[in-house]
1. Just to be sure I understand the filter: pairs with C-beta atoms under 6 Å, separated by 6 or more residues or on different chains, first member in segment 34-53 and more than 20 Å from Phe180 (Cα to Cα) and basic (Lys, Arg), second member away from ligand 1 (no atom under 12 Å from the Cβ) and modelled with pLDDT of 95 or more. Which pairs pass?
2. Could you check segment 111-200 for strands (runs of 3 or more DSSP E) lying wholly inside it with 2 or more residues that are in contact with a His (Cβ under 8 Å, 6 or more places away or on another chain), more than 9 Å from ligand 1 (Cβ to nearest atom) and farther than 23 Å from Tyr58 by Cα?
3. Given the conditions (1) surrounded by fewer than 16 Cβ atoms within 10 Å (Cβ to Cβ); (2) within 16 Å of ligand 2 (Cβ to nearest atom); (3) not small (Gly, Ala, Ser), and given that Asp92 satisfies all but one, which numbered condition is not satisfied?
4. May I ask you to verify whether Ile82 is over 20 Å from Phe9 (Cα atoms), touching a residue at least 24 places away in the same chain (Cβ under 8 Å) and either in contact with a helix residue (DSSP H, G or I) (Cβ under 6 Å, 6 or more places away or on another chain) or more than 14 Å from ligand 1 (Cβ to nearest atom) (or both)?
5. Out of all the residues in segment 37-54, is one or more more than 24 Å from Leu116 (Cβ to Cβ) and not polar (S, T, N, Q)?
6. Restricting attention to segment 103-127, and to residues there that are within 16 Å of Asp200 (Cβ to Cβ) and away from ligand 2 (no atom under 12 Å from the Cβ), which single residue is surrounded by the most Cβ atoms within 10 Å (Cβ to Cβ)?
7. Can you find even one residue in segment 65-73 that is over 27 Å from Asp167 (Cα atoms), assigned to a strand (DSSP E or B) and modelled with pLDDT under 95?
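The values are calculated or read from the model by the stated rules, or taken from the named source; none is laboratory data. None of the values given here were measured: they were computed from a predicted structure. Here the Cβ is made from the backbone with ideal geometry for all residues, glycine too, and neighbour counts use every protein chain on show.
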Amino acid sequence: MTELELRGFRILPGYLDGARQAALVDGLRAVAAKAPLFTPMTPMGRAMSVRMTSAGRYGWVSGSSGYRYDAAHPGGGPWPDIPGGVLQIWRDLVSARRDPDCCLINYYGEGARMGLHQDRDEADFSWPVLSISLGDDGLLRVGNTARGGSTVSHWLRSGDVVVMGGDARLTYHGVDRIRFGSSSLLSGGGRINLTCRVVD
Ligand SMILES: O=C(O)CCC(=O)C(=O)O
Ligand SMILES: [Mn+2]
């Protein structure tokens, strides 16, 4: 398998075959049945265009008090366990020593995007963030470890996995747009991105 390096991000194109992608989607449907997708609000009070939920000990939530990890879904109650198929990818590519605390699930419908940001709400940046893409193509934009400067872009496709760690752990990144309908994995179209994180 060819592996790409993009400003310190390790990209594994086509890491997951179609059967593994479909099995992951089944597991995620079960997660979303217990912990429904919600529309996060920015601290400025604007609705984000992605819908989110999480699995694991913590989920990522946002609101007027800012972004944080929380042990409860906004609707109350704990988050479902991280599906075994997701944990397997983490154990194979990141570490068999410690599992992630959070698997954040982002759903990008038509027109959804995510602005440039750092993932910095975790306590220990020596753990990478592992990203798994399913469904429609998404245009990843990668910047620098400080705000501003040049950026590079790369289309992520269904089954691609990215390890964001090491010197690139705090590199700015975002998703400019998706190609809605480019994949047949999700019956209704759209893109799912999973990010596994060690939180505390
Ligand atoms: O959707 C993606 O590929 C990236 C998602 C992301 O950066 C995040 O959830 O923090
Ligand atoms: Mn991120």
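1. These pairs meet every condition: Lys34/Pro80.
2. Working: elements: 114-117, 129-135, 138-142, 152-156, 161-164, 173-178, 191-197.
Output list reads 138-142.
3. (2)
4. On the way: over 20 Å from Phe9 (Cα atoms): yes; touching a residue at least 24 places away in the same chain (Cβ under 8 Å): yes; either in contact with a helix residue (DSSP H, G or I) (Cβ under 6 Å, 6 or more places away or on another chain) or more than 14 Å from ligand 1 (Cβ to nearest atom) (or both): yes.
Spelling it out, Ile82 is indeed over 20 Å from Phe9 (Cα atoms), touching a residue at least 24 places away in the same chain (Cβ under 8 Å) and either in contact with a helix residue (DSSP H, G or I) (Cβ under 6 Å, 6 or more places away or on another chain) or more than 14 Å from ligand 1 (Cβ to nearest atom) (or both).
5. To start, the set of residues in segment 37-54 that are more than 24 Å from Leu116 (Cβ to Cβ) comprises none.
No.
6. Keep residues of segment 103-127 that are within 16 Å of Asp200 (Cβ to Cβ), which gives 103-104, 119-127.
Next cut, away from ligand 2 (no atom under 12 Å from the Cβ) only: 103, 123-127.
On the way: Cys103: 29, Ala123: 10, Asp124: 9, Phe125: 15, Ser126: 9, Trp127: 19.
Restricting to residues being within 16 Å of Asp200 (Cβ to Cβ) and away from ligand 2 (no atom under 12 Å from the Cβ), the top hit is Cys103.
7. no
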